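Read-outs throughout are calculated quantities, based only on the coordinates presented, and are distinct from any laboratory measurement. What you are looking at is a predicted structure, and each value in this text was computed from that prediction instead of being measured. Cβ sites come from the backbone with ideal geometry, for glycine too, and all protein chains shown count toward neighbours.
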Amino acid sequence: MIGDGKVGDLSKIKAQNKPTLNDKVTNALRAITEKRASTLTYMIDEASEDDSFAENAIKKYGIDNGIDMRNSLVNKSDLKEFAEKFTSGLEANVYEMETVKATDKEFEVHFHYCPYVNRWLRMNKSAKEMSRLCDICMAGDHAVIENFSDLGFELGDTIAKGNKVCQIKYFKK
């Protein structure tokens, strides 16, 4: 499993996950993302003790996204171009992404809002459940690098664990 095992405080998680972008398109995309979160959560809940099927399925989804990302790049080994593609488009608004660093060696992005967490809160998931669900869902982000032999991935803090932002870092090996 990917996560660090930390569990955040539920009231802190609720307080941290507040959107600042509220336009019609962003909210519509968030609603779709939240529905995806519900579907994944119900499947994982039904599986009960064995989360591996969900993590494996989400990993395959991440690999597919990595293939699409790789195919969209002109220079497949340019981390700055990777960063630009990663944070472009409407999805950047959904998660309120902020590029913290984009160099030839390192790309760090912070997500200031998580529609998954928003849905999990409405589903009355506990802080421990949200932490577990987040770890499973992050398998997709981690798997993106399977299409890039020269990249590594690091997950830092997450909103689901009570932190202010989700920290994702891709780096040159």
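Counting only helical runs of four or more DSSP H residues, what would the 222 nm mean residue ellipticity of the chain come to if each run contributes -39,500 (n - 2.57) and the total is spread over all its residues? It would help to have the intermediate numbers written out before the result.
Numbers: 7 runs with 90 residues, N = 173.
That comes out to -16500 deg cm²/dmol.
Compute, for segment 10-172, the length of the dipole vector about the Cα centre, with Cβ point charges of +1 (Lys, Arg) and -1 (Asp, Glu) only. Units Debye, rounded to 20.
Working: 24 positive and 26 negative charges, 125 e Å.
Using Cβ point charges on Lys, Arg, Asp and Glu, segment 10-172 gives about 600 debye.
Take Asp50 and Glu84, extend 7 Å from each Cα along the Cα→Cβ direction, and tell me the distance between the two endpoints in nm.
4.6 nm
State the Cα centre-to-centre distance between segment 134-167 and segment 23-80 in whole Å.
The two parts, judged by their Cα centres, are 11 Å apart.
Taking +1 at the Cβ of each Lys and Arg and -1 at the Cβ of each Asp and Glu, which of Ile63, Cys137, Gln167 sits farthest along the dipole of the chain towards its positive end, judged by Cα position relative to the Cα centre?
Working it through, the farthest residue towards the positive pole turns out to be Gln167.
For segment 10-172, what D do you get in µm² per second when you plug the Kirkwood radius from alpha-carbon pairs into Stokes-Einstein at 20 °C and 1.002 mPa s?
Values: Rh = 16.2 Å.
Here the translational diffusion coefficient equals 132 µm²/s.
What is the count of Lys pairs in segment 75-173 whose alpha carbons sit under 15 Å apart, if the two are 8 or more places apart or on different chains?
So the count works out to 18.
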